[in-house]
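Bear in mind these aren't lab numbers, they're just calculated from the coordinates by the rules spelled out. Predicted, not measured: the structure shown is a model, and the values here were computed from it. FYI the Cβ positions are ideal-geometry reconstructions off the backbone, even for glycines, and counts take in every protein chain you see.
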Amino acid sequence: MESVRKFTIYSQYLVEIDDVRPMGNMGTVTETWAWEISIAKREEEYKGMAIERSKNIKIPWILLNETVLDEEMIEICKSHMLNK
């Protein structure tokens with residue numbers, strides 16, 4: 001028989017993160033990423049996911065370990081931005 005785990009959406013929010021990069025000797029250029037973040041809960045287990053629609057990027061559901069869940073998801077989004 002299949003095992004089923006049901007999570008309830010705990011919180012959803014939009015986070016805008018500015019990515020400021022040097023533009024040669026002309027200063028900097030700023031690109032704003034708009035992440036839609038969802039956090040789900042089942043008992044004491046939390047998972048998070050994020051979507052940046054304008055760039056067609058999705059961070060799939062991931063187990064969260066920190067006590068400040070929104071900050072953990074923001075750090076995950078920031079690290080994903082560094083790799084793009």
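A compact table of results
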| quantity | calculated |
| --- | --- |
| Qualifying residue in the range 26-44 (condition: acidic (Asp, Glu) and on the phi > 0 side of the Ramachandran plot) | yes |
| Listing of strands (runs of 3 or more DSSP E) fully contained in the chain that carry 2 or more residues being among the polar types (S, T, N, Q) and loosely packed, with under 14 Cβ neighbours inside 10 Å | 8-22, 28-42 |
| Residue that is nearest to Tyr13 (Cα to Cα) [pool: residues in the range 61-72 that are touching a Phe, Trp or Tyr at 6+ places or on another chain (Cβ under 8 Å) and either in contact (Cβ under 8 Å) with a residue 60 or more places away in the chain or hydrophobic (A, V, I, L, M, F, W, C) (or both)] | Leu69 |
| Members of the range 12-60 that are touching a residue at least 12 places away in the same chain (Cβ under 8 Å), of a type in the set (Ser, Thr, Tyr) and within 21 Å of Met81 (Cβ to Cβ) | Tyr13, Thr30, Thr32, Ser38, Ser54 |
